[in-house]
Amino acid sequence: MKKFGLPLLALTALIFAVSSAWKWRSVKTSTPPPLAPPTAGFEHTVGAVGLVEASSENIAISTPVPGLAIGVYVKAGASVKAGQKLFSLDDRDLLSELEVRRTALEVARQKLAKLEQAPRAEEIPPAEARVREAEVALADAAVQQKLIESVTDRRAISEEDLQRRRLAAKAAAARLDEAKAALSLLKSGSWKPDIQIARAEVAQAEAQVRRLETDIERLTVRAPMAGEILQLNLRAGEYAPSGPLAKPLIVMGDTSRLHVRADVDENEAWRIRGGAAAQAAERGGGSRKVQLEFVRFEPYVTPKKSLTGDSTERVDTRVLQVIYRFKDPGVPFRVGQQMDVFISTDGEETAATSKGFGR
């Protein structure tokens with residue numbers, strides 16, 4: 001018993017452990033998917049992931065300058081016309097500056113009008129009166145000079161008085177010339193360079209007013225085209241930044257005809273031909289397929305943006321984007337909806353292989 005007892009006990013324990021492990025093993029049972037996966041309707045096909053978009057592509061609306069939104073005039077899902085107001089920013093500071101510029105423009109215009117209308121009719125009579133006054137003063141000075149020079153006895157007058165009378169006559173003649181010149185200058189009107197400078201000042205003031213009016217107009221963002229508001233991420237009172245944004249202020253597009261942007265892996269791109277038949281199935285409704293029409297290839301092969309998370313997927317994968325449109329314009333799909341796209345390659349692979357090149 002002692003010789004065989006321990007081996008029997010160990011064997012019993014081993015059998016118990018194996019039987020327990022066998023009963024406790026995890027049993028893998030196949031679970032059917034809740035929905036049948038989509039299947040291709042062609043014998044040879046290339047699968048791609050598609051995204052529904054507007055026929056104009058999805059337009060991210062931004063603002064040329066940042067500012068506080070004081071009015072949002074559209075709602076998500078609304079149809080807009082080209083040029084319709086979408087939202088506006090606070091323009092109170094620019095409106096105040098515009099009033100200052102308009103006042104400066106009016107001052108510049110009045111200055112120009114004053115120069116162009118010179119001389120005033122009321123200014124000429126006083127100038128002519130000053131000329132007549134100077135003529136009388138010259139005549140009086142000439143008489144005084146003549147009287148003192150007519151004295152024959154030089155001892156009766158001093159040389160100083162004689163010179164004073166002569167100088168007074170010359171001064172009166174000079175004042176007469178000055179008055180005549182002032183009258184002539186007044187009648188000739190404003191100097192031409194002064195008028196040109198005033199006109200330039202008016203043009204400058206007008207340009208400043210137009211610039212401010214343009215800046216104010218830019219604070220009201222309008223629809224660049226007719227379409228539908230697909231997404232609205234701005235409310236009155238919120239700050240609207242400018243430039244490219246991760247979350248656009250407004251997304252809009254022409255949804256009268258929807259397109260599908262299919263991402264084809266670069267390793268499969270050579271199999272695709274323009275005009276090939278294609279089908280699309282919505283996620284969750286793989287049994288319902290719709291026919292697609294080829295529109296165009298995007299010329300640039302882009303990096304893949306939507307990764308599946310699979311550990312075997314390369315992050316440097318690039319995709320060829322192919323644009324299709326639904327043959328039926330009344331399909332019940334939404335912009336941004338993901339689709340499974342199947343592109344037919346029937347009869348294309350053999351031709352491509354024989355020629356030695358792809359698309």
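Residue-by-condition table, conditions (1) closer than 30 Å to T63 by Cβ; (2) within 50 Å of the chain's Cα centre (by Cα); (3) free of Cβ contacts under 8 Å to residues at least 12 places away in the same chain:
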residue: K85; (1), (2), (3): yes, yes, no
residue: S88; (1), (2), (3): yes, yes, no
residue: Q110; (1), (2), (3): no, yes, yes
residue: L115; (1), (2), (3): no, yes, no
residue: E135; (1), (2), (3): no, no, no
residue: I148; (1), (2), (3): no, no, no
residue: A171; (1), (2), (3): no, no, no
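Please name all residue pairs, on different chains or six or more residues apart, with Cβ atoms under 7 Å, provided the first residue is in the range 314-333 and is over 15 Å from E53 (Cα atoms) and at pLDDT below 90 and the second residue is aliphatic (A, V, I, L, M) and part of a loop (DSSP other than H, G, I, E, B).
Filtered contacts from the range 314-333: V315/L307; R318/V301.
What's the total number of residues in the range 61-85 that are open to solvent by 60 Å² or more (accessible area, probe 1.4 Å), out of contact with any Lys or Arg (no Cβ under 9 Å at 6 or more places or on another chain) and under 16 Å from E228 (Cβ atoms)?
4
Do you know which residues across the range 156-170 are part of a helix (DSSP H, G or I), touching a helix residue (DSSP H, G or I) at 6+ places or on another chain (Cβ under 7 Å) and farther than 16 Å from L138 by Cα?
Hits for the range 156-170 are D161, L162.
Suppose the filter is under 30 Å from L212 (Cα atoms), in contact with a helix residue (DSSP H, G or I) (Cβ under 7 Å, 6 or more places away or on another chain) and among the acidic types (D, E); does E123 pass it?
No, not satisfied.
Scan the range 178-202 residue by residue and report those that are open to solvent by 50 Å² or more (accessible area, probe 1.4 Å) and either free of Cβ contacts under 8 Å to residues at least 12 places away in the same chain or in contact with a Phe, Trp or Tyr (Cβ under 9 Å, 6 or more places away or on another chain) (or both).
Residues satisfying the conditions are A181, S184, L185, S188, W191, K192, Q196, I197, A200.
Hand me the list of strands (runs of 3 or more DSSP E) wholly inside the range 208-263 holding 3 or more residues that are touching a residue at least 60 places away in the same chain (Cβ under 8 Å) and under 16 Å from the mean Cα position of the chain (by Cα).
220-222, 250-253
Going by the structure shown, is L51 over 30 Å from Q291 (Cβ atoms) and either surrounded by 16 or more Cβ atoms within 10 Å (Cβ to Cβ) or modelled with pLDDT of 95 or more (or both)?
no
If we scan the range 225-240, do we find a residue that is more than 30 Å from D340 (Cβ to Cβ) and among the basic types (K, R)?
Within the range 225-240 (the criterion being more than 30 Å from D340 (Cβ to Cβ) and among the basic types (K, R)), the answer is yes, since at least one residue qualifies.
Among the residues of the range 239-256, write down those that are touching a strand residue (DSSP E or B) at 6+ places or on another chain (Cβ under 7 Å) and surrounded by 13 or more Cβ atoms within 10 Å (Cβ to Cβ).
A240, P248, L249, I250, V251, M252, G253, D254, T255
The values are calculated or read from the model by the stated rules, or taken from the named source; none is laboratory data. Quick caveat, the model's predicted, so the values are computed rather than measured. Backbone-built Cβ (ideal geometry, glycine too); neighbour counts: all protein chains shown. Only protein heavy atoms, including side chains, enter the accessible area calculation; ligands, DNA and RNA are left aside. Shrake-Rupley method; radii C 1.70, N 1.55, O 1.52, S 1.80 Å.
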